[in-house]
Amino acid sequence: MKISNMNWMQVESYLAKDDRAVVPIGCTEQHAYLSLSTDSILAEKVAADAAEPLGVPVFPVIGYGFTPNFMAYPGTVTLRLETLLAIVRDVLDGLASQGFKRILILNGHGGNAPARAFTHEWMHAHPGTKVKFHDWWSAPRVWKQVQATDPVASHASWMENFPWTRLEGVVQPREQKSEQPYMSWTHLGPQEIRRRLGDGNFAGLYQRSDDEMYAIWREAVEETRALIETGWE
């Protein structure tokens, strides 16, 4: 259940019987022909779909992340790394102070990876509080389904093209984009990266069938739900 659909009294009642919470974190960055909020949309929806049957509250998505390489694409916004970690710290501090002791951070953006390491530092300073950091798109069950569908899958390609990340009236290209290996361009700086990547898709088709995407989504939701439900001890 989304925390935005609860009042404080309902949260207080919840905390009397449970101490779990989910915090989605995404980004605002180029995704070729998809929404600039793709990472945030997907993180928040996976979290909400997974947590709903369990009655575990999902906090609003942190909609900005660390993405300096894409700043030449209009609409992209990056946080400084220190800002990202400060936000994560403040959110965790606030939740822990109110009695949330088992927190799943559901990450939708690869650039937020430093926050994973930070959670270990934070837990060291907060004994008794447990934090899981979950990259939903690369988790074992999801990645297995992605690879079984099409091994050429990447940022801003078909693997992020769900009905809820598409934009009305925007037509997706039909070709399969040739691969732009990640390590071959990350040292170039934002302007040259844009010249190298063009529309921003790293590699692969731009869209696959909805049936294939729903199959991946089911894996994402079930895999995330298992993390919320079990493995805290």
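The values are calculated or read from the model by the stated rules, or taken from the named source; none is laboratory data. Just so we're clear, the structure is a prediction, and the values are computed from it rather than from any experiment. With ideal geometry, Cβ positions are generated from the backbone for all residues, glycine too; neighbour counts draw on all protein chains shown.
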- Here are some residues: 97, 40. Which one is of a type in the set (S, T, N, Q), part of a helix (DSSP H, G or I) and buried (at least 23 other Cβ atoms within 10 Å of the Cβ)? 40
- Task: Starting from residues that are among the aliphatic types (A, V, I, L, M) and assigned to a loop (DSSP other than H, G, I, E, B), keep the ones in the range 176-233 and report whichever is surrounded by the fewest Cβ atoms within 10 Å (Cβ to Cβ).
- Result: 188
- Selection from the range 121-144 of residues touching a Lys or Arg at 6+ places or on another chain (Cβ under 7 Å) and either in a loop (DSSP other than H, G, I, E, B) or of a type in the set (Asp, Glu) (or both) yields 128, 129
- Message: Being in a strand (DSSP E or B) and either under 26 Å from residue 30 (Cα atoms) or modelled with pLDDT under 95 (or both): is that true of residue 118 here?
- Response: no
- Query: How many residues are part of a loop (DSSP other than H, G, I, E, B), more than 23 Å from residue 74 (Cα to Cα) and of a type outside the set (D, E, K, R) when one looks only at the range 145-162?
  - Reply: 3
- Just one of the numbered conditions (1) surrounded by 23 or more Cβ atoms within 10 Å (Cβ to Cβ); (2) in contact with a Cys (Cβ under 8 Å, 6 or more places away or on another chain); (3) not acidic (Asp, Glu) is not true of residue 66; which one? (1)
- Give me the pairs: first residue in the range 32-52 and farther than 11 Å from residue 109 by Cα, second residue in a helix (DSSP H, G or I) and among the small types (Gly, Ala, Ser), beta-carbon distance under 7 Å, and six or more apart or on different chains, which are they? 46/220
- Tell me, yes or no, whether the range 2-22 has at least one residue that is touching a residue at least 40 places away in the same chain (Cβ under 8 Å), in a loop (DSSP other than H, G, I, E, B) and under 24 Å from residue 142 (Cα atoms). no
- Item | Checklist (1) surrounded by 16 or more Cβ atoms within 10 Å (Cβ to Cβ); (2) closer than 30 Å to residue 12 by Cβ applied to residue 128, failing item | (1)
- Message: Name the single residue that is farthest from the chain's Cα centre (by Cα) among those in the range 186-233 being at pLDDT 95 or above and of a type in the set (Ser, Thr, Tyr).
- Response: 209
- Among the residues of the range 69-81, is any in a strand (DSSP E or B) and of a type in the set (A, V, I, L, M, F, W, C)? yes
- Those residues of the range 7-29 which are surrounded by fewer than 24 Cβ atoms within 10 Å (Cβ to Cβ) and touching a helix residue (DSSP H, G or I) at 6+ places or on another chain (Cβ under 8 Å) amount to 11, 15, 20, 26, 28
